[in-house]
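Reading through the structure tokens given below for one structure.
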Amino acid sequence: MPFRKIFLRKRIEKYVSLIPESGRKLEERLILTDLTAQGVQAVLAAGYGKEDFCSVIKVLEEQTRFEAKARKKNTNFCCF
């Protein structure tokens, strides 16, 4: 895959756990937080735990049986 590592799993897990806590403190509903947490868990369950956030793409590729293709080099996007 042509994706670069940019965001380590350790940090993803940390931030995914901090977001719901912040939402509760602010009494705000964070609708997509559960979906994000499920995505992180899917990455870990698929064995991509030592890879970066772009491993979410690999899980989605496996689930959909569709290969994501990298665009021409573009520094505006982290994974593409």
In the stretch 27-48, anything assigned to a loop (DSSP other than H, G, I, E, B), within 17 Å of Lys14 (Cα to Cα) and in contact with a helix residue (DSSP H, G or I) (Cβ under 8 Å, 6 or more places away or on another chain) is listed as Leu30, Tyr48
Provide a single number: the residues in the stretch 14-42 that are surrounded by 13 or more Cβ atoms within 10 Å (Cβ to Cβ) and either touching a Gly at 6+ places or on another chain (Cβ under 7 Å) or at pLDDT below 75 (or both).
2
Quick count over the stretch 18-44, residues being free of Cβ contacts under 8 Å to residues at least 12 places away in the same chain and more than 13 Å from the chain's Cα centre (by Cα), is 12
Scan of the stretch 45-56 for residues that are free of Cβ contacts under 8 Å to residues at least 24 places away in the same chain and surrounded by fewer than 14 Cβ atoms within 10 Å (Cβ to Cβ), ordered by number:
Ala45, Gly47
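Here is a yes/no grid of residues against (1) assigned to a loop (DSSP other than H, G, I, E, B); (2) within 14 Å of the chain's Cα centre (by Cα); (3) modelled with pLDDT of 80 or more; (4) of a type in the set (D, E, K, R):
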{"position": "Lys50", "(1), (2), (3), (4)": "yes, yes, no, yes"}
{"position": "Val59", "(1), (2), (3), (4)": "no, yes, yes, no"}
{"position": "Glu67", "(1), (2), (3), (4)": "yes, no, yes, yes"}
{"position": "Lys73", "(1), (2), (3), (4)": "yes, no, no, yes"}
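The values are calculated or read from the model by the stated rules, or taken from the named source; none is laboratory data. All values reported here derive from a predicted model rather than from experimental measurement. Neighbour counts are summed over all protein chains in view; Cβ atoms, including those assigned to glycine, are modelled from backbone coordinates with ideal geometry.
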